[in-house]
1. If a residue counts only when it is within 23 Å of PRO101 (Cα to Cα), which strands (runs of 3 or more DSSP E) contained entirely in segment 141-194 have at least 3 such residues?
2. Go through (1) over 20 Å from the mean Cα position of the chain (by Cα); (2) in contact (Cβ under 8 Å) with a residue 40 or more places away in the chain; (3) surrounded by 15 or more Cβ atoms within 10 Å (Cβ to Cβ) and name the single condition PRO102 misses.
3. Looking at the structure I just gave you, is HIS134 in the same structural domain as ARG180 (by TED's automatic domain parsing), in contact with a Lys or Arg (Cβ under 6 Å, 6 or more places away or on another chain) and either in a strand (DSSP E or B) or of a type in the set (Lys, Arg) (or both)?
4. Looking at segment 129-163, which of the residues that are surrounded by 16 or more Cβ atoms within 10 Å (Cβ to Cβ) and hydrophobic (A, V, I, L, M, F, W, C) is nearest to HIS60 (Cα to Cα)?
5. What residue, among those in segment 109-128 that are surrounded by 13 or more Cβ atoms within 10 Å (Cβ to Cβ) and of a type in the set (A, V, I, L, M, F, W, C), is farthest from ALA71 (Cα to Cα)?
6. Any chance segment 128-139 includes a residue that's touching a helix residue (DSSP H, G or I) at 6+ places or on another chain (Cβ under 9 Å) and more than 24 Å from ASN79 (Cβ to Cβ)?
7. Quick one: would you say TYR175 is without any contact (Cβ under 8 Å) to a residue 40 or more places away in the chain, among the aromatic types (Phe, Trp, Tyr) and either within 23 Å of PRO58 (Cβ to Cβ) or surrounded by 13 or more Cβ atoms within 10 Å (Cβ to Cβ) (or both)?
Amino acid sequence: MKNNILEFSYFTNQGQIRKILALITLCFTLVLSSANLADAQRHGGGHRNPSWHYSRMPAHGAYIHRLPHSAYRIPYGGNYYHFRNGFYYRPYNNGYVIAPPPFGLRIGILPRGFLSFNIGGFPYYYYGGTYYIHRNNEYEVVAPPLGAIVESIPRGYEKVKINGEIFYILGGVQYRPILRNGEIWYEVIKSPNR
């Protein structure tokens, strides 16, 4: 009888040890997965700031007193814009404002880090809230194509909540966040005719 009690206690202790080991394993797994989620959010996955890619760039609509070094002037329609690192500067009140360029304006080379994609079999290029097509060895600013999906939008956007759903508006373009390969991207759902 004494042997049976010892055996029963031994098996009970092993069962408790297994439970404790399972609990430790579960806790370790939860800690690792939360660390991976936090890391993914910092590096582009999960719920991230819509302007993460352009966080070091100026916000659309921002006013500055002086142009960035090596910005170059682009005449267009009797006005002019300055261009530097994918952003456009328009003269305003003895300074400049970061503004979307007019459709039809052309540049010779795309900024470093541009995104390319196809809509309806036609190639488009995107950087800093501006969409381009390749035309006659230049890149022409065009209206954002509906359905375009971009990884980030520049600072200066407006965040709007409609029927519980979040949307972002930048320069008249309305974006809806979508999940793409486990990351939040932004789809063009409304495009202006500037």
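1. Numbers: elements: 158-162, 165-170, 173-180, 183-190.
Correct list: 165-170, 173-180, 183-190.
2. Among (1) over 20 Å from the mean Cα position of the chain (by Cα); (2) in contact (Cβ under 8 Å) with a residue 40 or more places away in the chain; (3) surrounded by 15 or more Cβ atoms within 10 Å (Cβ to Cβ), the lone unmet condition for PRO102 is (3).
3. Working: in the same structural domain as ARG180 (by TED's automatic domain parsing): yes; in contact with a Lys or Arg (Cβ under 6 Å, 6 or more places away or on another chain): no; either in a strand (DSSP E or B) or of a type in the set (Lys, Arg) (or both): yes.
Judged against the criteria, HIS134 is not a match.
4. The qualifying residue nearest to HIS60 (Cα to Cα) is ILE153.
5. Once the filter is applied, the top-ranked residue is ILE119.
6. Taking segment 128-139 as the starting set, the residues that turn out to be touching a helix residue (DSSP H, G or I) at 6+ places or on another chain (Cβ under 9 Å) are 128-129.
The next check asks that each one be more than 24 Å from ASN79 (Cβ to Cβ); those that pass are none.
Within segment 128-139 (the criterion being touching a helix residue (DSSP H, G or I) at 6+ places or on another chain (Cβ under 9 Å) and more than 24 Å from ASN79 (Cβ to Cβ)), the answer is no, since none of the residues qualifies.
7. Numbers: without any contact (Cβ under 8 Å) to a residue 40 or more places away in the chain: no; among the aromatic types (Phe, Trp, Tyr): yes; either within 23 Å of PRO58 (Cβ to Cβ) or surrounded by 13 or more Cβ atoms within 10 Å (Cβ to Cβ) (or both): yes.
Considered against the rule, which asks whether it is without any contact (Cβ under 8 Å) to a residue 40 or more places away in the chain, among the aromatic types (Phe, Trp, Tyr) and either within 23 Å of PRO58 (Cβ to Cβ) or surrounded by 13 or more Cβ atoms within 10 Å (Cβ to Cβ) (or both), TYR175 comes out as no.
The values are calculated or read from the model by the stated rules, or taken from the named source; none is laboratory data. Because the structure is predicted, anything quoted here is derived from the model rather than measured. FYI the Cβ positions are ideal-geometry reconstructions off the backbone, even for glycines, and counts take in every protein chain you see.
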